[in-house]
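FYI, it's all coordinate maths here, none of it is from the lab. Here the structure is a predicted model, which means the values were calculated and not measured. All Cβ positions, glycine included, derive from the backbone under ideal geometry; neighbour counts span all protein chains shown.
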Amino acid sequence: MISLPHQGHINPFIYLALKLASKGISVTFVHLESVHHKLLSKLGPQADPFSLARHSGLDIRYATISDGLPLEFDRDLHFEEHWGVILRDFPALVDEFVGEMMRSEPDFDYFLMTDTFYPWPPAIASKYNLVNVSFWTQTALTFALPYHWHLLEQNGHFPCKDDMEEEIDYIPGVEPINAKDVMSYLKESGQASIVTKAMAAALDAVKSADLILHNTMLELEPETLSALNEYQPNYAVGPLNFSKSLHSYTVSNSLRSEADCTDWLQYKPPNSVLYVSFGSFVHTTKQVIEELAHGLLLSGVDFVWVIRTGMLSCDDTDVLPEGFGDMIEGKGLVVPWCNQMSVLSNTAVGGFLSHCGWNSTLESMWCGVPMICYPIAYDQTANRKLVIEKWKFGVNLCDGESLDRVEIAEKIKGFLSGAYSENLRQEASKLKEAMEKVLEIDGSLDRTFDQFMEDLKAKMDAKTKF
Ligand code: UDP
């Protein structure tokens, strides 16, 4: 199994590894060396995310592989260059790794499971005669749009211009979506960025995958998933990280050390605290942080705010406005990273100001916490649309072009108190209940997974006959 080297992809991959191993599959989970290096500084020299799960009886081997760049290369700061190497040099390293693994343990029947964002799996699967399973860690909506790239092109919606307000109403299984809500890599103007090129190649490559897994639930996106099934076998197996059957296994998925917010939260009244986080990956600007900081102060609400290292799109390490620490005394807690699930499930937390990353959205749903949405890039605007319009458990942070501290303060106050807020909370609770039902032992997630296992076995049997 090879995930993308980002927290939002690693998390669902790790739980998928646990699920596969709990079904008796021997898993070799591969982290990039750069990811392993981050784990080393967190977990110490024996860093292995699965050591405890292995003690509990799961056959999960852990391996690392170079992405073709030296460890000291700053992959976050030089994102484009990193991706250039991932596309150019990494496939040969994976090829070598897979070949060596198969030679060293020839008695196994192998299959390949990779992140759909990678364009190279078909070549490797075909070289080694492997069943090729692709795992899309995001929504079915954000899969279906680029999967129909040719339709977007035919209709003049690729690239989507930022000011385009047209409805995209021809993607099978997808409710009409305004061009402004599509993913940022479909909105490129001028020369296509490396992400756009990679996504175009990846969504083309996935068409030859044998089986496709999605980190979403059938109950959340039934029409989209059913339309996708017309082309290839798709299985909604998300969100595995809440699956009761996997709760007994302990894994280290977080790449950063987590600050404990429990003591700070324990004296706050129920539903009174706003949790603010923009995930593990996107950058923002100092102006945005400044406006948010003042908006939070003006709102008067209590908050926990994750300001991670490297969050700004520049080298500046001085992120917050001067004196902010003194101004929030007792009202706000700023941490570099936390255990998000533990914070969201704390009864004091009544709302999540989020960038709408897909894991964060699922986690908010699972904890029954309404969202106030501030998407920054990638799939986040499309996720916001689902949160606000389809699942109705969130609101938009600012409706204008840019952030405004007074508007932020008003939105936050209205969001956390009053009848409107109660309504959002009820919608969030309904989603939580629906998720719990799906995730029951022998519930629909387990049944879908069993179907996937059966189909996988059939595909593998067919391969070994040739
Ligand atoms: N996360 C965390 N602690 C933090 C902030 C984020 O554990 O302080 C986790 C969060 O629980 C989620 C992941 O990081 O599982 C972020 O994934 P998401 O898809 O929401 O956003 P991305 O990082 O991909 O933009």
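Which of the three applies to the range 26-87, rounded, prolate or oblate, going by the alpha-carbon gyration tensor with a ≥ b ≥ c and a/c under 1.5 meaning rounded? Prolate, since a/c reaches 1.5 and a/b exceeds b/c. Maximal additional length on extending the Met102-Asp163 stretch stands at 16.9 nm, based on 0.36 nm per residue less the C-alpha distance. With 0.36 nm allotted per residue and the present C-alpha distance subtracted, the Trp149-Met460 stretch has 109.0 nm of extension available. Taking the inverse of the mean 1/r over every pair of distinct Cα atoms in the chain gives a Kirkwood hydrodynamic radius of 23.1 Å. Peptides 208-214, 330-336 ranked from most to least packed give 208-214, 330-336, packing being the mean of other C-beta atoms within 10 angstrom over each peptide's residues. Computed extension gain for Tyr267 through Glu81, at 0.36 nm per residue and net of the alpha carbon distance, reaches 62.3 nm. Per residue, the average separation of C-alpha pairs within less than 8 Å and at least 6 apart gives the chain a relative contact order of 15 percent.
Cα-Cα over 26 Å: which of Lys411/Lys432; Lys180/Lys244; Lys385/Lys413; Lys38/Lys411; Lys207/Lys463; Lys42/Lys413? Cα-Cα > 26 Å for Lys180/Lys244; Lys38/Lys411; Lys42/Lys413; rest within.
Could you please report the charge total around Ala92, scoring K, R as +1 and D, E as -1 over all other residues with beta-carbon less than 13 angstrom from its beta-carbon? Here the charged neighbours net out to -3.
Taking the centroid of alpha carbons for each part, the range 232-257 and the range 416-437 are 23 Å apart. Please report how far the C-alpha centroid of the range 73-97 lies from that of the range 289-331, rounded to the nearest whole angstrom. Taking the Cα centre of each part, the range 73-97 and the range 289-331 sit 33 Å apart. Label-to-label distance, Asp109 versus Asn129, with points set 7 angstrom from Cα along the beta-carbon direction: 1.3 nm. The distance between label points at Ser257 and Arg88 comes to 3.7 nm (points 7 Å beyond Cα on the Cα→Cβ vector). Partner lysines whose Cα lies under 17 Å from the Cα of Lys457, excluding those fewer than 8 positions away in the same chain, are identified as Lys19, Lys23, Lys465. Size descriptors for the range 370-414, from the alpha-carbon set: Rg then Dmax equal 10.6, 28 Å.
Taking Lys and Arg as +1 and Asp and Glu as -1, the other residues whose beta-carbon sits under 15 Å from that of Lys331 total -1.
Between Met327 and Ser417, the simple label model (points 7 Å from Cα in the Cβ direction) yields a spacing of 2.0 nm. Against the main long axis of the alpha-carbon atoms of the chain, helix 418-439 sits at an angle near 20°. Using a ≥ b ≥ c from the Cα gyration tensor of the range 39-179 (square roots of the eigenvalues), is it rounded, prolate or oblate, where a/c under 1.5 gives rounded and otherwise the larger of a/b and b/c decides, a/b for prolate? Verdict is prolate for the range 39-179. Separation of the range 7-71 and the range 99-142, taken as the distance between their Cα centroids, equals 16 angstrom. Pairing the Cα long axis of helix 33-43 with the longest principal axis of the chain, what angle in degrees results, from 0 to 90 and rounded to the nearest 10? Orientation of helix 33-43: about 60 degrees from the principal axis.
Show which aspartates and glutamates lie in cross-link reach of Lys127 when reach means a straight Cα distance below 16 angstrom and same-chain residues fewer than eight apart are skipped. Hits, sequence-local ones excluded: Asp95, Glu96, Glu100, Asp109, Asp210.
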